[in-house]
Amino acid sequence: MSTIAGGRAARRQTMRRIRPRRSPAVPLLLAVWAGAAGVIWLWWNNTPSIADDNSKILNAGRITGLLAGYLMALVVLQMARVPALERRVGSDRVARWHAMSGRYTICLVLAHLFLTMWGYALQSGKGLGGIVQQTIDSVNQLPDMGKAAIGTGLLVLIGFISIGGVRRLIPYDTWYHVHLLTYAAVFLTFWHQLSTGNDFAVEPAAKTAWYGLYGSVTALVVWYRILAPIRLNLKHRMRVEAVIEETPGIVSVLISGQKLHRMGAEAGQFFRWRFLAPGMRLSSHPYSLSAAPRPTMLRITVKAIGDHSAALRDLEPGTRVWAEGPYGALTAGKRSRGKVLLVAGGVGITPMRALFETLPGASGDLTLLYRANSTQDLALWDELAAISQERGARLMYAVNSPEGERPDISAESLRRKLPDIDRHDVFMCGPPGFAQQVYEALRGAGVPARRIHHESFEM
Amino acid sequence: MKKSHPMRRVVLATAATVSGIVLLLSLKPASDPAAASAAGGAAPQQTAAGQESPQGGSASQTGSQSVTGNVAQTQYGPVQVRLTLTGDKITKAEAVQAPKGGTSDQKTALAIPKLNQEAVAAGSADIDAVSGATYTSGGYKQSLQSALDKAKAAGGTSGSSGAAGASSSPQAPAAQARIVTGNVAQTQYGPVQVRLTLTGDKITKAEAVQAPSGGTSTQKTALAIPKLNQEAVAAGSADIDTVSGATYTSGGYKQSLQSALDKAGG
């Protein structure tokens, strides 16, 4: 695999100055909280008094409804693939935020529905038992409530199929395409907020703010999920160049294209790939670059775990490729000015391989620890050895003993191998159990949490 | 990478949300002095002593006095009207209480200012219901009537001419026939509008000015409307039976009939 290794661009990157970048997560979270406070203030300002229990229920319904409407926009925004989120905060972290806030929003929606209908039922003298009848009446009588009912139904469906146990039962593509219905659900539930929401009827400024919020989220989604990928793919016109088996079960796909170095991709990042081959058009999957991008060539390295990754082996050269990205924050920008330890578990080597090649640093600053089941499974080993020689970097591996015994990865063993480990930045990629184990060992060896950089797509 | 317990997060989020909402709700006062002006759309220059002034007799006949009507309970909450009268004339009407919460807020915001204007213009409780806010309008009229009654009682003899109009008897002489047209009620098949002829309080004639037509609707209208007209005259109210096979038309008819009766001051 010498077609991809040792490019000039990669070598140039190793000489760059180290410029640590701060993640914008904290200011973003502060802005989110400020917005929530604004929404509560809107309610507070438009509610002079609460006379009785019935009004208390209705007002609780209003608060939950307002918060749900606000969060709904943010939940969609988190998946708009905005570069600041994907590349600076990290796709994995944003995806976890999305899952968390999505669940919370659905709970708020259900609370809003229940409280409001209960309040209306009480108002018309029906009591808690009449809540179903009241819901039917309200859907029939109030403006935009039919739409809202359908939208809420969709949200509940989407929430249901995203519950861990249910999600594992259905194919990823099915789950993904049902999940796209969220856009329809948000659109359908939007209108009743304005037409029946007291705060929007009383306060025209609130209406404007709501249009602004949903409008800008829509614009971001349209730009970054639709138009930007179209532009990217028209410009770079990527095709499969070759498929190479690295080790049993792990293949590399070489992708050619035009001016690929202009895509702004960095080592450690990934794209969402869609191969326009029969049976693969409908699904796109995230795979990390396993080498620094070259002007005419990209490479991904994939382990055959699911149907999609297994099918990659049979890709014909010349197959058109549709890519979205680059995404991911596990890049050189994460590190501070010190030595770096890269830890890879199994196929987690892919981003580590690219970082190993390009991370700025002098001879002796860089160490790569590669964990695999056996020496046979050490994919890309020859390349790694070549890079380590060229850069004066340390390369270590840990595999199971012939009897199947797992290697010792603990605070002590790490400290033995790297006595100054507590002065390293650590980049880590691997299966969740492995990552957790290494994380604890690193913490035990004195590495501060803020210097352990990790990407995990487990929810 | 920190170890997180999903259940702990769920419990924390739920507890924080519930306690936050309960805190917000409990921080709001049970009644708000500014509510009257907010609901009535008028400045709160009236004193709270308004209700006592008729009994106290402090207000002279020519000076302005303020009277608060009884609370009228409606399906959506209480309605209470406060009037400012100069002599016998209503110079200002405002709602001290009005339905709140959910869509009621919106309806109140729409209906109360209209009702206030109507009350000042009519100088009596004989005002039109605001469509879409029938219950609130009904409650408003009740409370307005009671306020006028109080003012009349306090005003004594000199209030005879003006306040008489505000009493429950209709302004029109009993023997004279009146024609009242109800509001248009929209149904799925088209608009329905009812015109009544009243002698005193009695409906002497009911007819449909508008009714659904076209296709099977023409046939149904031909069957249903005469029956509904008869029923309206017989019942003397909007409490009439639906003609089977013409549910929507009957519903619209009843709505328009009710609005006509409301207009007639029933």
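Readers should treat all values here as calculations from the given coordinates under stated rules, not as data from a laboratory. Since this is a predicted model, take the numbers as computed values, not measurements. No Cβ is skipped: glycine too gets one built from the backbone with ideal geometry, and neighbour counts run over all protein chains shown.
For the reader, a short list of remarks on this structure follows.
- Estimated FRET transfer efficiency when R0 is 60 angstrom, pair A:GLU203-A:ALA385 (beta carbons, to 0.05): 0.35
- Across all Cα atoms of the protein assembly as shown, the radius of gyration (one decimal) and Dmax (whole number) stand at 36.5, 115 Å.
- Between B:VAL209 and B:SER64, the modelled label-to-label distance comes to 3.7 nm, taking each label 7 Å out from Cα in the direction of the beta carbon.
- Virtual spin-label span in nm between B:THR218 and A:ILE150, 7 Å along Cα→Cβ: 3.4
- Pairwise label distance in nanometres, B:ARG9 with A:GLN133, each label 7 Å out on the Cα-Cβ vector: 4.2
- Estimated vicinal HN-Hα couplings, Hz - the range A:349-364 in sequence order (Karplus 6.51, -1.76, 1.60; Gly, Pro = x): 5, 3, x, 5, 4, 5, 5, 4, 6, 10, 4, x, x, 7, 4, x
- Averaged over residues, the count of other Cβ atoms within 10 Å places the peptides B:243-256, B:139-152 in the sequence B:139-152, B:243-256, highest first.
- Charge tally in the Cβ shell below 11 Å around A:GLY279, where Lys, Arg are +1 and Asp, Glu are -1, A:GLY279 excluded: -2
- Long-range amide H partners of B:LYS92 with built H, under 5 Å: B:THR84
- Using a Förster distance of 30 Å, the FRET efficiency for B:SER131-B:ALA153 (Cβ separation, nearest 0.05): 0.35
- Contact order for chain A, expressed relative to its length and based on alpha carbon pairs under 8 Å spaced 6+ residues apart, stands at 16 percent.
- In this structure, the amide hydrogen of A:ARG371, modeled 1.01 Å from its nitrogen in the peptide plane, lies closer than 5 angstrom to those of A:ALA344, A:GLY345, A:GLY346, A:ALA398, counting only residues at least 5 positions away or on a different chain.
- Distance-filtered residues of the range A:243-275 - backbone nitrogen under 18 Å, label point 7 angstrom along A:ASP307 Cα→Cβ: A:273-275
- Of the trypsin sites (Lys or Arg not before Pro) found in the range A:285-346, the ones in coil according to DSSP and having at most 13 other Cβ atoms within 10 Å of their Cβ are A:ARG337.
- Neighbouring Cβ atoms from other chains, within 10 Å of the Cβ of residues in A:39-51, number 5 on average.
- DSSP finds beta bridges in chain A, and of those with both partners inside it, around 55 percent are antiparallel.
- Along the range A:95-109 the Karplus relation, 6.51 cos²θ - 1.76 cosθ + 1.60 evaluated at θ = phi - 60°, assigns HN-Hα couplings of 5, 5, 4, 4, 5, 5, 6, x, 4, 4, 5, 5, 4, 5, 4 Hz to successive residues, with x for each Gly and Pro.
- For the cross-link pairs A:LYS56/A:LYS147; A:LYS56/B:LYS254; B:LYS141/B:LYS220; A:LYS126/B:LYS150; B:LYS28/B:LYS107; B:LYS92/B:LYS227, the ones whose C-alpha atoms lie over 32 Å apart are A:LYS56/B:LYS254; B:LYS141/B:LYS220; A:LYS126/B:LYS150; B:LYS92/B:LYS227.
- For the range A:276-287, 3J(HN,Hα) per residue [Karplus equation, 6.51 cos²θ - 1.76 cosθ + 1.60, θ = phi - 60°, Hz, x = Gly/Pro]: 7, 10, x, x, 10, 4, 7, 10, 10, 10, x, 10
- For B:ALA125, no residue whose modelled amide H falls within less than 5 Å of its own remains once neighbours fewer than 5 places apart on the same chain are excluded.
- Counted charge near A:LYS235, where neighbours are those whose Cβ lies closer than 11 Å (Asp, Glu -1; Lys, Arg +1): +4
- Average projection area in nm² (convex hull over Cα atoms of the range A:107-178, one quarter of hull surface): 5.7
- Each of the peptides B:7-15, A:218-226 was scored by the mean count of other Cβ atoms within 10 Å over its residues; in descending order, highest first, they stand as A:218-226, B:7-15.
- Take each residue in B:21-29, count the other chain C-beta atoms within 10 Å of its C-beta, and the mean is 5.
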